[in-house]
Structures are given as structure tokens and as C-alpha cells.
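Reading through the C-alpha cells given below for one structure.
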Amino acid sequence: MSILYRPIGVLHTPFHEPAGMPIQPSGASGVCGTAELYPEFVAGLQDLAGFSYIILLYHFHRAPAPKLTVTPFLDTEARGIFATRAPARPNPIGLSIVRLLRCEGATLVLENVDMLDGTPLLDIKPYVPAFDGLTAERTGWLEAGERRVAQCRADERFGEP
Ligand SMILES: C[S@@+](CC[C@H](N)C(=O)[O-])C[C@H]1O[C@@H](n2cnc3c(N)ncnc32)[C@H](O)[C@@H]1O
């Protein structure tokens, strides 16, 4: 089975190359961007403005070829791709929880963006702490370094085969 998705819009950010950009929204604090929805989807934005944070699902349009193991940024060991957030996935889907500053017609003004400019947007969902704000007692191989990884920026090696 194959699945065909059509982007609902495009994300604009200050990042034109992966090198030096944040690797998670936590490392992109205060970095502004926008989501520009295509006209046929704008009616779906009704009621979204009341949410502080939204979940963006998008296509890593400049992902390297998929791999089932990768050595993540700041790590030295190969990890299973599904235990990482690396873009080189079989289905290159990205997920970011970003701050929604305001809605201006077809444009969402965002903060804490960690994706490349021109990234195709697949879906938007409201972030709801009661649904999504889980406290995890285990964070696997990331346990030792998750705070450091959360804050840092990508180097040229990140996500490359
Ligand atoms: C580690 S991923 C995490 C993205 C998202 N927060 C997630 O967890 O799915 C972030 C990195 O992906 C790369 N990246 C961002 N947007 C991309 C795109 N549209 N295509 C390919 N790589 C992208 C950049 O190197 C960025 O530092």
C-alpha cells in the first residue's frame, strides 16, 4: 500500500541549510517563523487561535536517503532510526510542538521553529497538556545527554549517511 498526502501549506523559517540550525524546538527558543496555509485549507484554522502551542507534522523534504540505523547528533553509537528524531526515516515525517503567537488569515505566526524554510506542512493539531504533557520515567539512550541535545544546534554531520 502506498499513501499519497497533499501538503496543506508551507513553513517559513530563518533556516536555509541544516548546518547550525536548532535540532529541536527547545533549542529554538524565540526563533520566529510562519505557516502559510493554502487557501482551500484556511477554514480549518477556525478555533485554533485559542491554543498556546500547536503540533506541526511536516515532510522532511531535504532528508537524506532513509536508513534504519543512524548515529545521532552528539552521539557516538548507531541507534535504530525509530529510537531517534533523525530525518533519514523510511517515511520522512517531522513533528514539532511550537508556540502559536497569532493567526493572521492564512498565516500562523510561530515561535520555536526547528525546520528548514520551505518545509511542506502536512497537518496541524492543538497541543493539549492533559493529552500530551506526559512525564516520562525513561528516555532510553538519550537519558544521559537529553538536556544538552535539546539545546544545541546541528552540525554538518547531522542526518547525513
Ligand atoms: C532532529 S530533526 C527534529 C525535527 C522535529 N522536531 C522532530 O522531532 O521530528 C531537526 C533537524 O532536521 C533537519 N531538518 C529540518 N527541516 C528539514 C527538512 N525540511 N528536510 C530535511 N531535514 C530537515 C535539520 O538538520 C534540523 O536540525
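If only residues of region 123-154 that are assigned to a strand (DSSP E or B) and out of contact with any Gly (no Cβ under 9 Å at 6 or more places or on another chain) are counted, the one that is nearest to I55 (Cα to Cα) is K125.
I81 fulfils the conditions (1) at pLDDT 95 or above; (2) surrounded by fewer than 17 Cβ atoms within 10 Å (Cβ to Cβ); (3) more than 15 Å from the chain's Cα centre (by Cα); (4) under 25 Å from T139 (Cβ atoms) except for a single criterion, (2).
Within region 16-63, restricting attention to residues that are modelled with pLDDT of 95 or more and among the polar types (S, T, N, Q), the residue that is surrounded by the fewest Cβ atoms within 10 Å (Cβ to Cβ) is Q46. Restricted to region 113-127, and to residues there that are near the ligand (Cβ under 8 Å from one of its atoms) and aliphatic (A, V, I, L, M), the residue that is farthest from the chain's Cα centre (by Cα) is L116. Among the residues of region 79-91, not a single one is polar (S, T, N, Q), touching a helix residue (DSSP H, G or I) at 6+ places or on another chain (Cβ under 6 Å) and over 14 Å from V10 (Cβ atoms).
The values are calculated or read from the model by the stated rules, or taken from the named source; none is laboratory data. Predicted model, so just to flag it, every value in this text is computed and none were measured. With ideal geometry, Cβ positions are generated from the backbone for all residues, glycine too; neighbour counts draw on all protein chains shown.
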